[in-house]
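To start, the structure under review is shown below, and the notes come after it.
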Amino acid sequence: MKLIAIVVSLFLLSCNGQKKVTLNNETVQTTMENEQQLELLLVEENSSFDAREIMVFKDEKRLKSFYSKINLTRKPRIPLPVIDFTKEMVVVYCSGRHPQNSALTLKFLEETDSEIMLTQFSDGNEKSKNQNIEASPFCVYKMPISEKQVVVGSAVK
């Protein structure tokens, strides 16, 4: 009798466990869809852009122009990413000059009828040996092509 009660209990508990996994997979899938909207290609410390700027490139010519400016003082040069501009566009975020101890990157926030909203966040690694050195980091992302305006919101942690 005890054996039957144990088997039935295990059976019922395992059914509830499967429901929780399914719910978690749906949440993970939604998060992954948003992350796939914005794929990080490159993070570098020096962009030679002093002000905060966001650039959207929908053709290879403009992207090459940006990379040639970035590569003026670099050896070895940063290679140009391979992008299918019929399906994707490139978003470059230059965060401007600030202390080198905080790396700022972007995350997908939401999409409206006219805008794609991204948010700037710090990776949380605030401790560095070079706290007094200023840098002008930049990040290069690719995302599905869109005619909507790309907007970066305020910084969050």
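Worth pointing out:
- Restricting segment 56-91 to residues that are in a strand (DSSP E or B) and touching a helix residue (DSSP H, G or I) at 6+ places or on another chain (Cβ under 7 Å), the residue that is nearest to MET143 (Cα to Cα): VAL90
- Residues in segment 132-157 that are open to solvent by 70 Å² or more (accessible area, probe 1.4 Å) and at pLDDT below 60: VAL156, LYS157.
- Close pairs from segment 58-79: first within 29 Å of GLN149 (Cβ to Cβ), partner hydroxyl-bearing (Ser, Thr, Tyr) and surrounded by 12 or more Cβ atoms within 10 Å (Cβ to Cβ), Cβ under 8 Å, at least 6 apart: ILE70/SER47; ILE78/TYR67
- Residues of segment 107-131 classified as part of a strand (DSSP E or B) and at pLDDT 85 or above, total: 10
- Search result, residues across segment 42-77 that are hydroxyl-bearing (Ser, Thr, Tyr), open to solvent by less than 80 Å² (accessible area, probe 1.4 Å) and within 21 Å of ILE133 (Cα to Cα): SER47, SER48
- Qualifying residue in segment 25-39 (condition: modelled with pLDDT of 85 or more, under 21 Å from the mean Cα position of the chain (by Cα), open to solvent by less than 60 Å² (accessible area, probe 1.4 Å) and at negative phi): yes
- Beta carbons closer than 6 Å, at least 6 apart along the sequence or on distinct chains, pair a first residue in segment 95-110 that is farther than 23 Å from SER146 by Cβ and open to solvent by 60 Å² or more (accessible area, probe 1.4 Å) with a second that is of a type in the set (S, T, N, Q) and at pLDDT 70 or above for ARG97/SER136.
The values are calculated or read from the model by the stated rules, or taken from the named source; none is laboratory data. A quick note: this is a predicted structure, and the numbers were derived from the prediction, not measured. Virtual Cβ from ideal backbone geometry, glycine too; neighbours counted across all protein chains shown. Areas reflect the complete protein model, heavy atoms only, side chains present, ligands, DNA and RNA absent. Shrake-Rupley method; radii C 1.70, N 1.55, O 1.52, S 1.80 Å.
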